[in-house]
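Input: a single structure, listed below in C-alpha cells.
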Amino acid sequence: MRKFTSVKDVADIHKIVGDAIELKEKPLLDSKLGIGKTLGIIFMNPSLRSRISTQKAAMNLGLNTIVINMEKDCWALETRDNVIMDEIAGEHIKEAAAVLGEYCDIIAVRDLPKMKSRDDDYSENFLKKLIEYSDVPVISLECGTLHPLQSLADLITIEENKRIKKPKVVLTWAPHIKPLPQAVPNSFSEWMCRAQREGLLDFVITHPKGLELKSEFTEGATIDYDQNHALSDADFVYVKSWSSYSDYGENFSNGGDWFFDNQKLKFTNDAYVMHCLPVRRGVDIADEILDGPNSLVIKEAGNRVYAAQIILKEILGKL
Amino acid sequence: MRKFTSVKDVADIHKIVGDAIELKEKPLLDSKLGIGKTLGIIFMNPSLRSRISTQKAAMNLGLNTIVINMEKDCWALETRDNVIMDEIAGEHIKEAAAVLGEYCDIIAVRDLPKMKSRDDDYSENFLKKLIEYSDVPVISLECGTLHPLQSLADLITIEENKRIKKPKVVLTWAPHIKPLPQAVPNSFSEWMCRAQREGLLDFVITHPKGLELKSEFTEGATIDYDQNHALSDADFVYVKSWSSYSDYGENFSNGGDWFFDNQKLKFTNDAYVMHCLPVRRGVDIADEILDGPNSLVIKEAGNRVYAAQIILKEILGKL
Amino acid sequence: MRKFTSVKDVADIHKIVGDAIELKEKPLLDSKLGIGKTLGIIFMNPSLRSRISTQKAAMNLGLNTIVINMEKDCWALETRDNVIMDEIAGEHIKEAAAVLGEYCDIIAVRDLPKMKSRDDDYSENFLKKLIEYSDVPVISLECGTLHPLQSLADLITIEENKRIKKPKVVLTWAPHIKPLPQAVPNSFSEWMCRAQREGLLDFVITHPKGLELKSEFTEGATIDYDQNHALSDADFVYVKSWSSYSDYGENFSNGGDWFFDNQKLKFTNDAYVMHCLPVRRGVDIADEILDGPNSLVIKEAGNRVYAAQIILKEILGKL
C-alpha cells in the first residue's frame, strides 16, 4: 500500500477488517516493525480522535511520531501553482511537502474542506500535492472529500457487533447548527457500497431531498427520502449531518424532524447507533441515544487505533 | 492507586516520599514498567513544569506520552449535563473523556479554576467527569481546588532539606498583581496538615484577615495573622499568593507589606524559601531571595519529576 | 562540546562535516547513545525544518524529546534583569531556564530576532541567559544573530555535491516583501569564511550597497557589489534576503533586479542553487530555479537532520 486516501487503496476490505480485529487482540505484536522510522502527523485543523489514535497506533508499531499543527507551529502554506508569493503564505506546499518527505517515512494529514468553493474542496489540491511532492506514503486523516480511516473503523465496528451475517446499515442525515463537510458521509457511503457489493451488508441512505451526496460515492446504495421507512429493520444506524453538495455548503434549515432519538430508534431492529464524533448532544442526536445501550460511538472511536494501525502496518510492509 | 487528585489518595505519605527519594537515585530502574502503555496529558491551560516533568517521569517509566492542548488542538468542550449543544462547544466531556479512555491507560489533566464562580470551580466538574467517563486512572496537574503533585514535590523537598527531625513549615501569603487560585495553597495546606498529624513537621499558615482558605484544607494548622510572629523559628517558608475564598476571586489590594524579602527572612531560622513557580519577581518575592542561598524553588521544581514518577509507578502497579 | 551557537564551538569543521556524512549512511548506528536522556526543544517562533529535523536527529540517537512552544504552551517570559514583573510576563527566564535545566539534559532553542532594536537582537540576551541559568548544553536553532545548524547543513551539502576540490561559493542577496533577519547570512558567511581559511572553498558575498553584514561575520570574504561579476564561475550560489544591518531592519526596496532566475544562473558555472527555506516563490527566487535541476534546497533541508545529529552526538559524548 503506497497511500491510503480512499477505499480504493484497499485490495480486500474483508481481509483488512479481519486483520484489524486480529491485531486488536495483540496490538503490541509488531512493536518492532517501525523501529527507526518516522510518521509525521500533520494537522491543518483541530482533531481529537485522529490526533491521538494515529499516534497510539504508530507507537504500538514502534514508529517515531512527530505531530505538527502546520499553520500554527510552522508557516502558512501556499498551495496554488505559479503565483508570486507576496501574500500571507510564507512557504509553498512544494517545498514543505518535499522537506517533510526528507524527514518522514510516512505522512498522515488532516486538511478539512474550507466549505467555500466546491471545486477547491473536491480538488483535494493540498492532499494531492502533499502526495506528489513528499514522495512518501500519505494517509488521509480527513481531507476535502473523504475520511477513510473513520470508515475503516466503522466497518470494523460493524463487523464486531453484527448479530446477523448480512446486516442492514442505514446512513441517516441529521440536523446541525452549521454546515458540515461531506467527507464523512461520502467516505462511509463509499465503504458501505463496496461492502454491499462484496455481500457483507445492505446499505441504505436517507436524507431530505436536496441533500444528495456526490453520486460517485453512493453508487449501489438505496436512497430513500422517507427516514422512517429507511430505518425499518435497520441493524446499524449511522447518524451524520452534512451540508448540501449541489448548493455547496448551504446548511439545510428545515430538517428538525430528522433529529435522532429513541422515537426514531423504535423504527429500527433495535439498531446499534453510530456516529464519527464529535457530536453536539441535543442537536443531531439525543442524549438518550448517546447514553443508552444501543450507542456504539465510543467503541467506534476506539477502533480508530486499529484502523490506523493496520494501515500503517500495511504501508510499513511495503517500505 | 486508581487516581491521584488529593493527599487522600495516598495511603502512607511518609512511605511515598521515601519511595520518591529512592527512585530519584535511580530514575531509570523501572524503565520497562510502562512499555506499551500510554499516558495522555491534557492541558486546558498553559503549563511549564507540569507539562515537562510529567512527560519526563512517564518516559523514565517507558510509557508512551501523548500531550494535548485540548481546546487548541481539539474542540471546545461542553461540561454541563443535558444542554442542547448549540453554542461554541463542539464536543461534550462525556464523549471526549470516554474516547480518551479508549486511547490512554492513564490520563493526567490540568484544568485551572476560572475564578468566576466559586461553586463552579470547587465542584471540580471537569475533573470529576473526566474520571467518571474515561474510566481510567486520572492524575490532577492542578484543577479547581488542589495541585497534589506540586504538594508531593514540596514534601519531598522538605524531607530532603530538613535540618531537624520535625521542622517548622510556614505558608505565608504574598501580594500579586491579579487574583490567583487557591489550589496550590489549599493543596499545600492539606498535605502539611496530614504531615503534621503524622508527626513529620509543625505547620503554620499566615495571611491577612479575610484571606482564610477553605477550612476543610487547613484542619489542624495554626493560623496566625501576624506574619513576623508566624515566621519566627521557621525552617521552611512557602510563599504564595492567593485570592479571597469568602469574597471569591477578589484580589487583596492592601497586602504590600507581605512581600517576601531578606528583611522577612531575618525573622526565620535561616529558613529555606519555597514557591511553586511561576513567580513574578519583585511582586511577591524579592530577587534577593530567589537569587539567594536560601531559595529551594528550582530543586522543588526538579522534584516534580519524581513526584509524578512515583505516582505513575503506583498506578502502573495496579493497572 | 558544551554548546553549539556558532562555528566557533566546532574544533574542526572539516572533520565534523565528514562525521556527519558518515553518520548519514548509518543514522541508527548510535540509537542507544541517548537512552534515558532528554532533549528539550523550545520554540519562541514558528519552525518547520528545525522542529522536525531536530526531533528526528534526537530520536535517531535514542533521546527522549519534549517540544515546547514556549509562550503558547507555557508562560510569557521576562528576560530583563531586576524589573518588577507587573506586566504581561508571568515567568522570568532565570526560573524558566533553571527549571528546564532540571528536566532536560540538552536544550535546543529558536528565538528569532524581533527586528526592532539591533542592540537587543545582537545581544542574544535570551540565548545567553538560557545557557547561563539552565546550566546544560544549549543548541541554537536560530537566534538573534546566527543559525549554525543551518550553516553546518549547508556545508555538508556543499561537500556532498562539489564537483571540484575547491569550489567557488557565492552568497547573493535577494529581494523580499519584508525585512528579514541577518542570522542566516551572518551564519553562512561565518562558516564559509572559516571554510575558506581552511582551504575548502572560495567565498564571495554580493549584495546592493548598504546591505553590508556585520563585519565580524564576513572577515576574509570577498565582497562584490556587482552581482553578475560575483556570480561568474560560481559552483554554488546561496540565495538569501536580509534587511539592513546599518539602518537596522530596514527593507531594501530597490533590489528587484537581484531576483534570482535562470538568467542569473547563466552567469555561473552551472552552479547549484541553495536556500535555507522557507522561500517565497517568485519573490526572491524564480519557480524555474526551485523546480529546476540545479536546486539543492530539499537536499539541504534533509541534511538538517545529520547536522543536528552530529552535534547532539558530540554533546552526548561529553555529558
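The values are calculated or read from the model by the stated rules, or taken from the named source; none is laboratory data. Worth saying up front: this structure is predicted, and the values here are computed from it rather than measured. Glycine gets a Cβ as well: all are built from the backbone with ideal geometry, and neighbour counts include every protein chain shown.
Below are the figures for this structure:
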read-out: Which numbered condition A:Lys94 fails, given (1) among the basic types (Lys, Arg); (2) without any contact (Cβ under 8 Å) to a residue 40 or more places away in the chain; (3) more than 14 Å from chain C (Cβ to nearest Cβ); (4) buried (at least 20 other Cβ atoms within 10 Å of the Cβ); value: (3)
read-out: Residue satisfying all of: in region B:69-84; among the aliphatic types (A, V, I, L, M) and crowded, with 21+ Cβ neighbours inside 10 Å; nearest to B:Tyr133 (Cα to Cα) among these; value: B:Leu77
read-out: Some residue of region A:116-123 being of a type in the set (Ser, Thr, Tyr), assigned to a loop (DSSP other than H, G, I, E, B) and farther than 25 Å from A:Gln227 by Cα; value: yes
read-out: Candidate set from region B:65-86 (those that are more than 7 Å from every other protein chain (Cβ to nearest Cβ) and part of a helix (DSSP H, G or I)); member that is farthest from B:Pro181 (Cα to Cα); value: B:Lys72
read-out: Residue under evaluation A:Gly62, criteria (1) at positive phi; (2) within 9 Å of another protein chain (Cβ to nearest Cβ), criterion not met; value: (2)
read-out: Qualifying position, being in contact with a Phe, Trp or Tyr (Cβ under 9 Å, 6 or more places away or on another chain), away from chain B (no Cβ under 14 Å) and among the small types (Gly, Ala, Ser), among A:Ser123, A:Ser134, A:Ser140; value: A:Ser140
read-out: Odd one out for B:Met70 among (1) farther than 21 Å from C:Cys104 by Cβ; (2) of a type outside the set (S, T, N, Q); (3) at pLDDT 95 or above; value: (3)
read-out: Residue within region A:184-199 that is assigned by TED's automatic domain parsing to the domain that holds A:His229 and on the phi > 0 side of the Ramachandran plot present; value: yes
read-out: Elements of type helices (runs of 4 or more DSSP H) in region B:253-319, at least 1 residues being within 13 Å of chain C (Cβ to nearest Cβ), touching a residue at least 12 places away in the same chain (Cβ under 8 Å) and of a type in the set (Lys, Arg); value: B:297-302, B:304-318
read-out: Given (1) facing chain B (nearest Cβ under 10 Å); (2) assigned to a loop (DSSP other than H, G, I, E, B); (3) buried (at least 21 other Cβ atoms within 10 Å of the Cβ), index of the condition C:Pro113 fails; value: (1)
read-out: Total residues in region A:15-54, condition among the small types (Gly, Ala, Ser), within 11 Å of chain B (Cβ to nearest Cβ) and either closer than 22 Å to A:Ala98 by Cβ or not in a helix (DSSP H, G or I) (or both); value: 2
read-out: Criterion (outside any loop (DSSP other than H, G, I, E, B) and either farther than 16 Å from A:Ser134 by Cβ or free of Cβ contacts under 8 Å to residues at least 60 places away in the same chain (or both)) met by exactly one of A:Ala108, A:Ala89, A:Ala57; value: A:Ala57
read-out: Members of region B:197-217 found to be of a type in the set (Ser, Thr, Tyr) and crowded, with 21+ Cβ neighbours inside 10 Å, listed by number; value: B:Thr206
read-out: Counted residues, region C:25-42 - those being in contact with a Gly (Cβ under 9 Å, 6 or more places away or on another chain) and either charged (D, E, K, R) or not assigned by TED's automatic domain parsing to the domain that holds C:Ile131 (or both); value: 3
read-out: Per-region count, region C:219-249, residues aromatic (Phe, Trp, Tyr) and within 17 Å of the chain's Cα centre (by Cα); value: 2
read-out: For B:Gly40: the one exception among (1) modelled with pLDDT of 95 or more; (2) over 23 Å from the mean Cα position of the chain (by Cα); value: (2)
read-out: Candidate set: region A:233-252, residues that are in a loop (DSSP other than H, G, I, E, B) and in contact with a strand residue (DSSP E or B) (Cβ under 9 Å, 6 or more places away or on another chain); chosen: the one nearest to A:Tyr122 (Cα to Cα); value: A:Trp242
read-out: Total residues in region A:222-258, condition on the phi > 0 side of the Ramachandran plot and of a type in the set (A, V, I, L, M); value: 0
read-out: From B:Leu130, B:Leu152, B:Leu171, B:Leu141, residue being more than 17 Å from the chain's Cα centre (by Cα) and crowded, with 24+ Cβ neighbours inside 10 Å; value: B:Leu130
read-out: Number of the condition not met by B:Leu312 [criteria: (1) within 29 Å of C:Met70 (Cβ to Cβ); (2) in contact with an Asp or Glu (Cβ under 8 Å, 6 or more places away or on another chain); (3) assigned by TED's automatic domain parsing to the domain that holds B:Gly40]; value: (2)
read-out: Residue list for region C:124-158, restricted to those being of a type in the set (D, E, K, R), assigned to a helix (DSSP H, G or I) and farther than 21 Å from C:Arg194 by Cα; value: C:Lys128, C:Lys129, C:Glu132
read-out: Flag for A:Thr206 being of a type in the set (Ser, Thr, Tyr) and touching a residue at least 60 places away in the same chain (Cβ under 8 Å); value: no
read-out: Of the criteria (1) within 13 Å of chain B (Cβ to nearest Cβ); (2) touching a helix residue (DSSP H, G or I) at 6+ places or on another chain (Cβ under 9 Å); (3) not charged (D, E, K, R), which one C:Thr5 fails; value: (1)
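A quick yes/no check of all residues on (1) crowded, with 23+ Cβ neighbours inside 10 Å; (2) closer than 23 Å to C:Asp121 by Cβ; (3) of a type in the set (S, T, N, Q):
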{"residue": "C:Glu160", "(1), (2), (3)": "no, no, no"}
{"residue": "C:Lys165", "(1), (2), (3)": "no, no, no"}
{"residue": "C:Asn186", "(1), (2), (3)": "yes, yes, yes"}
{"residue": "C:Cys193", "(1), (2), (3)": "no, yes, no"}
